[in-house]
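Encoded as structure tokens, the structure appears first; notes follow it.
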Amino acid sequence: QVQLVESGGGLVQAGGSLRLSCAASGRTFSAVAMGWFRRAPGKEREFVAVITRSGPTTFYADSVKGRFTIYRDNAKNTVDLQMNGLKPEDTAVYYCALKQGSGSAYYERNYDYWGQGTQVTVSS
């Protein structure tokens with residue numbers, strides 16, 4: 001089993017920054033990638049960023065590329081998401097997820113464990 005706990009959400013003005021953190025515990029050695037997704041009000045959950053175990057390699061949604069950066073600290077078993085230049089459309093609940101198997105990292109169905117989510121609200 002794996003447990004994921006997100007932290008760092010909050011309220012920020014447009015143009016501001018936030019750093020989200022995901023603490024992983026349990027059988028984390030089985031992870032091939034760790035990702036961040038988000039769900040905005042009235043919308044489906046969408047991919048934000050992912051970092052692979054090997055490499056590591058990072059991938060980002062077009063909507064956040066150049067503004068968000070995903071980091072991994074293997075010693076601490078954490079994955080952070082640094083969010084700069086925040087926009088009101090970034091308002092959402094952000095979820096950390098762990099992927100153990102194959103399949104595209106862009107799709108939530110390929111992830112095996114999820115955190116409870118943390119709210120990010122960007123005011124205009």
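Only lysines eight or more places from Lys65 in sequence, or on another chain, were considered; those with a Cα closer than 23 Å are Lys43, Lys87, Lys99. Here Lys76 is the anchor, and the aspartates and glutamates within straight C-alpha reach of less than 20 Å, apart from those fewer than 8 places off in the same chain, are Glu6. Pop the C-beta distance of Gln82 and Tyr107 into the FRET formula with R0 = 35 Å and round what comes out to the nearest 0.05. Given R0 = 35 Å and the Cβ-Cβ separation, E is 0.90.
Stretching Glu89 away from Ser30 to a fully extended chain increases their span by 17.9 nm, per 0.36 nm per residue minus the current alpha-carbon distance.
Each residue of region 50-63 was assigned a 3J(HN,Hα) from its phi angle through the Karplus curve 6.51 cos²θ - 1.76 cosθ + 1.60 (θ = phi - 60°); the sequence is 8, 10, 8, 6, 8, x, x, 10, 10, 9, 9, 5, 4, 5 Hz, with glycine and proline shown as x. At a probe radius of 1.4 angstrom, the accessible area of region 1-103 per residue rounds to 50 square angstrom.
The values are calculated or read from the model by the stated rules, or taken from the named source; none is laboratory data. Small disclaimer: the values here were computed from a predicted structure and weren't measured. Positions of Cβ are backbone-derived with ideal geometry, glycine not excepted, and every protein chain shown enters the neighbour counts. SASA here: full protein model, heavy atoms, side chains in, ligands and nucleic acids out. Shrake-Rupley method; radii C 1.70, N 1.55, O 1.52, S 1.80 Å.
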